[in-house]
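These notes concern the structure reproduced below.
The values are calculated or read from the model by the stated rules, or taken from the named source; none is laboratory data. Computed from a prediction, not measured in an experiment: that's the story for all the values here. Ideal geometry is used to build each Cβ from the backbone, glycine not excepted, and the neighbour counts take in all protein chains shown.
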Amino acid sequence: MTIDPDLYSQADLLVGAFERAGYIRVSPAMLQPAEPFLDLAGEDMRRHMYVLSDSAGNELCLRPDLTIPVARDHLASAASGAARPARFCYLGAVFRDHGSGAGSGEFLQAGIESFGRTDTAAADAEALSLGLEATAHYGVNDPEILTGDVSLFSALIAALELAPAWKRRLAKDFNRKVTLAEDLERLALAGANGRSEHRGVLAALADANPKAAHALVTDLLSIAGISAVGGRTIGEIADRFVEQAELGVSSALPGEMRKVIERFLGIAGTPDDAAAALRALAEDAGLSLDPALDLFESRTGFLAASGVDVARIRFETGFGRGVDYYTGFVFELHDRAGRAEGQLVAGGRYDALLSRLGSPRPVPAVGLAVWIERLAALTDAGLP
Amino acid sequence: MSALVLAVPAKGRLQENAERFFARAGLDLVKPRGTRDYRGAVARLDGVEVAFLSASEIAQQLAVGGVHFGITGEDLVREMIPAVDAKVALIEALGFGHANVVVAVPEAWIDVRTMADLDDVATSFRARHDRRLRVATKYINLTRSFFAGHGIADYRIVESAGATEGAPAAGTAELIVDITSSGATLAANGLKIVDDGMILRSQANLVASRLAPWGREALATAAVILDRIEAQARARRYKEVRTRFGGCNDTLLGVAKTQFGVVTPFGGPTSSGMLTLHCPPDAVHRLALFLREHGADSVIVADIEYVFTRDNPLFARLDAAVRPKN
C-alpha cells in the first residue's frame, strides 16, 4: 500500500510539533524480531502480527507497534548507558492483522516515547497533553478522555491480606475484565478446586509449619528421583504445593474483602472525585494506598497546570489497556461522537518495559501512539 | 475434466482406513496408472478424481476449495483453517483416526491438576524466571484459543514439528499440547494430562469444502457417493431380524421399539405375520428372546449389506452447507 501523501504530510506536521517539544525523531526498522513483541504483549498478540521467518529459521515480524522498536534501538545505542532522560518521536507504518476482509493491515502511527524521567507525575501529564495536541491538530478539540492507573490496583492488591496465589491471579486478570469478575466469584467460594488426588498430603501439610512442609515435599520429590523438570525447580514445585495446602484450608475470601475490591473497581468520575472516593475507601478498609494516591493527585495537579481542564477527564479504577506491560497511568482519547472505530490516541506508563528488553537498570518509560488514519478520517468528514 | 475431487490421505493407517471405509460403501479407490501415482479414480463411478495428499494438505485444499471432499482429522481442520465454519462442513465422523488434543505437563508438577493451576503456575513462573512458560506444540491456534478461554496469558508457544512430547525433557519447553490416543507416549516421557486439559476429541472426518465449485454435476456425483456411504453406515448400525408369528401386533411392536431400539423398514407385519426388523447389534439377543416369549418359533438374524432410504442426512448436510444463499 502506498501512503497518501496528504495523509503523511499532515502527520509530519504533528511530529514536527513533537520535535519542537524536545523529542528526537527516529525511524526504527520495519522488520523486527518477533520474540520481544510476543514476550511483552503475550501469545494473544501473535494473531494480530504478520510473522515470517528468515532462511535461518528466525522468527521476524512486520512491526505491530513502534514502542518496542524505539525502546530496542535506544537500548542498543551508546546513549542508553547514560542515565540522562531520552525523548523520541516517530511517524511510520505499523502492521496489524485484523482478520481477512478487515481491509489493509497497514496503519500510519505517530507517537512519542519518553525514557528515564524520574519526575513521574509531570512526565505522565506531559504525555496526555501531547496526546490532546495531536487530536487538536486534526481539529478534534474536545475528545473523550478516558484514564486509569494500573498502579492503584497493584497497590490495593498488595495492601490486602490475600494468599499469594490470589494476588498473582488478580494482578494478572486486571486486564481481562471477564476473568476478573469470575475470579471474584471464585474467591467467594471455598476451595472449589476439586482436587482429590493429594488431599491427604495437602491436609497434613496444612497443619505443619511451612518450612518443615517444604522440606518434606522436596525430599519426597527427590526420593522419587525427580530433579528439575520442564524448567521449574523442585523447590518451586514444593513452594506452590505447600501454598496450595495452606490455601485449601481457608481459600474462601472473606466477604468484606471482596466488597472492598468491588467497591474499588466501582470508583469512577473526575480525577478529583475519584481521589476523594479512593481516600475514603482506604480509610474505611484500613488500607494504606498513600504513595499511589499521592502520585495520582500530583499528576492531576500537573495536568491542570499544563492547561488541561481536568473536569473533562474521566477516570475509572477498572480501566486498563488490555496489554499487561502497562504499570501506571494509562489513557485513551476517543471521538465523543463515536465516529471513529477505536481510540484516536492511546498511551501510558510502562516502567518495566526496558528492563524486560534487557536494560541492566530500571528505566521509567511513558509514551503514546496516534492513529493517523482515524483522525484524518474525522477531518475529511468536515467536522467538527 | 472430472467434476468432483475427493482427497484421501496418501499414506499410513489413515490411508488404509480411508480406503477400507470407501470400499465398504462399494466405492473402490483405484490407481489406474500404478500404486505410485497420486491421482486415482473410483472404480465403476465416473466423474470422480481421487487426489492422494497428506492429511494437512487435505485440510489446506479444503480451506481454499481446491477439493470438494476430503478425509482428514478434525484436529487439522480446526487448527489449520481460520473461520472454519465458513469454509468447510464436517459431513460425517468416520470412527477411525482417533486422537485427542490435550495439555500435558511434567508428572513432577504435583501442584498442577487443573488449567486453573496451570494459569497460576504460568504467572508465578514469569515473575520468578523473568520469562514466560513455553508450550511446545504444532497446534498453535487450538492452543491459543483454549488457553485464552482459561484466561492464561503468561505463556509462549514454541512451534514443534515432531516429537513434541520430548520437548520438556530436552529443555526446549515446559509443557506441551499434542495429540495422544492412549496416553502411553506421554507417560513414557514423564508427562501427565491436565484434568480439564482436553482441547479436542478428534477423529477422521469426511469433510466438504464450501468453497469448491459445486456445480450440478459435482452435486449429483456427491449425492451418489453419500447415498452409498449412508446406506452402508446405516447397514452397520443394524442387524436384520426376520420372524413370523400370529401374535404379532402393533402393541408388541411399540414395546420392541422402545425397549430395543428397533426400526421397521417395511412397516408392521404382513397379513401372513411376516415381520422384518432392523435392530442395533447389541440388542439382538434380547430381542430374539422377547420375540420367542411372545410366540415366535424361529427368529433369523442376518448382516445387512446396505440400507438405501429415501432421505439422506449426509446429503442434506452437504446441500445445506454449499447451497448458495439468496
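Picking from B:Ala59, B:Ala63, which residue would you name as being buried (at least 16 other Cβ atoms within 10 Å of the Cβ), part of a helix (DSSP H, G or I) and within 14 Å of chain A (Cβ to nearest Cβ)? Talk me through it step by step, then tell me what you get.
Details: B:Ala59 fails: within 14 Å of chain A (Cβ to nearest Cβ).
Answer to the check: B:Ala63.
Scan the strands (runs of 3 or more DSSP E) fully inside segment B:184-264 and keep the ones with 2 or more residues being within 26 Å of B:Pro9 (Cβ to Cβ).
Those strands (runs of 3 or more DSSP E) span B:191-202, B:204-209.
Please go through (1) assigned to a helix (DSSP H, G or I); (2) surrounded by fewer than 20 Cβ atoms within 10 Å (Cβ to Cβ); (3) of a type in the set (Gly, Ala, Ser) for B:Gly267 and return the number of the only condition it doesn't satisfy.
Looking at each condition in turn, B:Gly267 falls short on (1).
In segment B:175-209, which residue that is of a type in the set (S, T, N, Q) and in contact with a strand residue (DSSP E or B) (Cβ under 8 Å, 6 or more places away or on another chain) is surrounded by the most Cβ atoms within 10 Å (Cβ to Cβ)? Walk me through it before giving the result.
In the first step, residues of segment B:175-209 are kept if they are of a type in the set (S, T, N, Q); the result is B:180-182, B:185, B:189, B:202-203, B:205, B:209.
Those still in the list that are in contact with a strand residue (DSSP E or B) (Cβ under 8 Å, 6 or more places away or on another chain) too: B:180-181, B:202-203, B:205, B:209.
Details: B:Thr180: 18, B:Ser181: 11, B:Ser202: 22, B:Gln203: 15, B:Asn205: 22, B:Ser209: 26.
Result: B:Ser209.
So A:Val229 fits all but one of (1) at pLDDT 80 or above; (2) under 26 Å from B:Pro106 (Cα atoms); (3) in contact with a Phe, Trp or Tyr (Cβ under 9 Å, 6 or more places away or on another chain); what number is the exception?
Going through the list (1) at pLDDT 80 or above; (2) under 26 Å from B:Pro106 (Cα atoms); (3) in contact with a Phe, Trp or Tyr (Cβ under 9 Å, 6 or more places away or on another chain), A:Val229 breaks only (1).
Would it be correct to say that A:Asp119 is within 14 Å of chain B (Cβ to nearest Cβ) and either over 30 Å from A:Ala377 (Cβ atoms) or of a type outside the set (Lys, Arg) (or both)? Reasoning before the result, please.
Working: within 14 Å of chain B (Cβ to nearest Cβ): no; either over 30 Å from A:Ala377 (Cβ atoms) or of a type outside the set (Lys, Arg) (or both): yes.
It is false that A:Asp119 is within 14 Å of chain B (Cβ to nearest Cβ) and either over 30 Å from A:Ala377 (Cβ atoms) or of a type outside the set (Lys, Arg) (or both).
Name every residue in segment A:327-384 that is on the phi > 0 side of the Ramachandran plot and surrounded by fewer than 24 Cβ atoms within 10 Å (Cβ to Cβ), in order of residue number.
A:Gly338, A:Gly342, A:Gly358, A:Gly382, listed by residue number.
Going residue by residue through segment A:33-47, is there one that turns out to be surrounded by fewer than 18 Cβ atoms within 10 Å (Cβ to Cβ) and more than 21 Å from A:Tyr325 (Cβ to Cβ)?
The answer is no, given that none of the residues of segment A:33-47 is surrounded by fewer than 18 Cβ atoms within 10 Å (Cβ to Cβ) and more than 21 Å from A:Tyr325 (Cβ to Cβ).
From B:Gly273, B:Gly295, B:Gly261, grab the single residue that is in contact with a Ser or Thr (Cβ under 9 Å, 6 or more places away or on another chain) and either of a type in the set (S, T, N, Q) or not assigned by TED's automatic domain parsing to the domain that holds B:Leu226 (or both).
Numbers: B:Gly295 fails: in contact with a Ser or Thr (Cβ under 9 Å, 6 or more places away or on another chain); B:Gly261 fails: in contact with a Ser or Thr (Cβ under 9 Å, 6 or more places away or on another chain).
From the options B:Gly273, B:Gly295, B:Gly261, the qualifying one is B:Gly273.
If you go through segment B:88-114, how many residues are acidic (Asp, Glu), crowded, with 21+ Cβ neighbours inside 10 Å and either modelled with pLDDT of 90 or more or farther than 20 Å from A:Thr218 by Cβ (or both)?
Within segment B:88-114, the first condition is being acidic (Asp, Glu), and the residues that meet it are B:92, B:107, B:111.
In the following step, the residues that additionally are crowded, with 21+ Cβ neighbours inside 10 Å were identified as B:111.
Going one step further and asking which of them are either modelled with pLDDT of 90 or more or farther than 20 Å from A:Thr218 by Cβ (or both), we end up with none.
Summing the residues that are acidic (Asp, Glu), crowded, with 21+ Cβ neighbours inside 10 Å and either modelled with pLDDT of 90 or more or farther than 20 Å from A:Thr218 by Cβ (or both) in segment B:88-114 gives 0.
Within segment B:121-135, which residues are surrounded by fewer than 14 Cβ atoms within 10 Å (Cβ to Cβ) and either of a type in the set (A, V, I, L, M) or under 35 Å from the mean Cα position of the chain (by Cα) (or both)?
B:Ala127
Answer yes or no as to whether B:Lys138 is out of contact with any Gly (no Cβ under 7 Å at 6 or more places or on another chain), surrounded by fewer than 23 Cβ atoms within 10 Å (Cβ to Cβ) and within 14 Å of chain A (Cβ to nearest Cβ).
Details: out of contact with any Gly (no Cβ under 7 Å at 6 or more places or on another chain): yes; surrounded by fewer than 23 Cβ atoms within 10 Å (Cβ to Cβ): yes; within 14 Å of chain A (Cβ to nearest Cβ): no.
Judged against the criteria, B:Lys138 is not a match.
Collect the residues in segment B:4-35 that are in contact (Cβ under 8 Å) with a residue 40 or more places away in the chain, small (Gly, Ala, Ser) and outside any helix (DSSP H, G or I), keeping them in residue-number order.
Scanning segment B:4-35 gives B:Ala7, B:Ala10, B:Ala25, B:Gly26.
Counting just the residues of segment B:66-86 that are under 30 Å from B:Ala188 (Cβ atoms) and of a type in the set (Val, Ile, Thr), which one comes out farthest from the other protein chains (Cβ to nearest Cβ)?
So, considering only residues that are under 30 Å from B:Ala188 (Cβ atoms) and of a type in the set (Val, Ile, Thr), the one farthest from the other protein chains (Cβ to nearest Cβ) is B:Ile71.
Only one of B:Ala127, B:Ala108, B:Ala89 is more than 9 Å from chain A (Cβ to nearest Cβ) and out of contact with any Asp or Glu (no Cβ under 7 Å at 6 or more places or on another chain); which? Lay out the reasoning, then the answer.
Details: B:Ala127 fails: more than 9 Å from chain A (Cβ to nearest Cβ); B:Ala108 fails: more than 9 Å from chain A (Cβ to nearest Cβ).
Only one candidate passes the filter, namely B:Ala89.
Each row is one residue, and each column tells you yes or no for (1) hydroxyl-bearing (Ser, Thr, Tyr); (2) not in a loop (DSSP other than H, G, I, E, B).
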position	(1), (2)
B:Ser272	yes, no
B:Phe290	no, yes
B:Gly295	no, no
B:Ile300	no, yes
B:Glu305	no, no
B:Thr309	yes, no
B:Ala316	no, yes
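Within segment B:141-177, restricting attention to residues that are in contact (Cβ under 8 Å) with a residue 60 or more places away in the chain and within 10 Å of another protein chain (Cβ to nearest Cβ), which residue is nearest to B:Leu200 (Cα to Cα)?
As a first pass, look at segment B:141-177 and keep what is in contact (Cβ under 8 Å) with a residue 60 or more places away in the chain: B:141-142, B:165, B:168, B:174-177.
Filter again for within 10 Å of another protein chain (Cβ to nearest Cβ), leaving B:141, B:168, B:174-176.
Values: B:Asn141: 12, B:Pro168: 22, B:Glu174: 21, B:Leu175: 17, B:Ile176: 14 Å.
Across segment B:141-177, the extreme among qualifying residues is B:Asn141.
Go through segment A:129-181 residue by residue and tally those that are at pLDDT below 95, under 20 Å from A:Phe329 (Cα atoms) and among the β-branched types (Val, Ile, Thr).
Looking only at that region, the number is 2.
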